[in-house]
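Written out below as structure tokens is the structure these notes cover.
Throughout, read-outs are computed from the coordinates displayed, never taken from laboratory work. Predicted model only: the values in this text are computed from it and were never measured. Don't worry about glycine lacking a Cβ; one is built from the backbone with ideal geometry, like all the others, and counts go over all protein chains shown.
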Amino acid sequence: MTTRRSRRGRGDPFKRAARRTPPEQIRRTIEKRLLSADPEDGTDLAEFVDAAIAEHGPGVVDPELVAFAYGQSDRGDEAIALIEAVRADAPADEMKLFIHAGILHGQERNAECAVLLREALVHHPEGAVFHALLAWWCLDEVTESAARFHLRQALELDPAGDGPHISGVMLSRHYGDLEQAEVHLEFLRVHHPDAHEQILKEDAEKAKEAEEARDAERQDSEEDPGTVA
């Protein structure tokens, strides 16, 4: 008779990964996720960071990267508290501002995110990423003219980057300019295929969700036809 092995706790894989990963590579692993176009579920990243700190000590990961990892999971309050504490000593640090804005956006606190991005531009007026994010993450928090201004600035400062053109897709779609959105999308297809693929993936997911919602509505209507006027 074959004896079935007991399943190990969920934390074990992260502990094993932390033991196998050299300390200098841990930071690069987190930074790679930070700059990735694919917003993956971050629960695994937060658990990996906790395991790495337990294995190698708190100095193995910069606190702003810990905040980023927590912000990618369901530990948003911890992430906000940590990044605010970190930024207290370096309020103008570009990466810390970027991470702080990302955590706020991830929690759908886009009004606060817009305020922070404007603050970032005070410190970094030529920061293309901050202009691009105001024209992408904060479209409901800024006027159309302001959004278009920030998109133009982003494109002038970083014409070959993926961020300004992702913003171009999102802004153009938001205001119904589908032809211009396709121009930016084609640029991404040629020059930044990963970003292009991610947008198409998100489009497919949204289309699927919309179809499922229509199916549910039709089913509800069929089950209770008396609700139809």
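Shown here is the pair-distance distribution of the range 86-229: with all Cα-Cα distances grouped in 5 Å bins from zero up to the longest one, the shares run 2, 10, 15, 18, 16, 13, 8, 6, 5, 3, 2, 1, 0 percent. Only Lys, Arg, Asp and Glu carry charge here, each on its Cβ (+1 for the first two, -1 for the last two); on that basis the chain has a dipole of about 1320 debye about its Cα centre.
Contact order, relative form, for the range 11-108: 25 percent (alpha carbon pairs under 8 Å, 6 or more residues apart, mean separation divided by residue count). Most tightly packed first, judged by the mean number of other beta-carbon atoms within 10 Å of their residues, the peptides 62-70, 187-195, 84-92, 134-142 read 62-70, 134-142, 187-195, 84-92. Here the relative contact order of the chain, from alpha carbon pairs under 8 Å that lie six or more residues apart, stands at 11 percent. Size of the range 167-227: Rg and Dmax of its alpha carbons, in Å, are 16.7, 54.
From least to most packed, judged by other beta carbons within 10 angstrom and beginning with the fewest, 143, 29 follow the order 143, 29.
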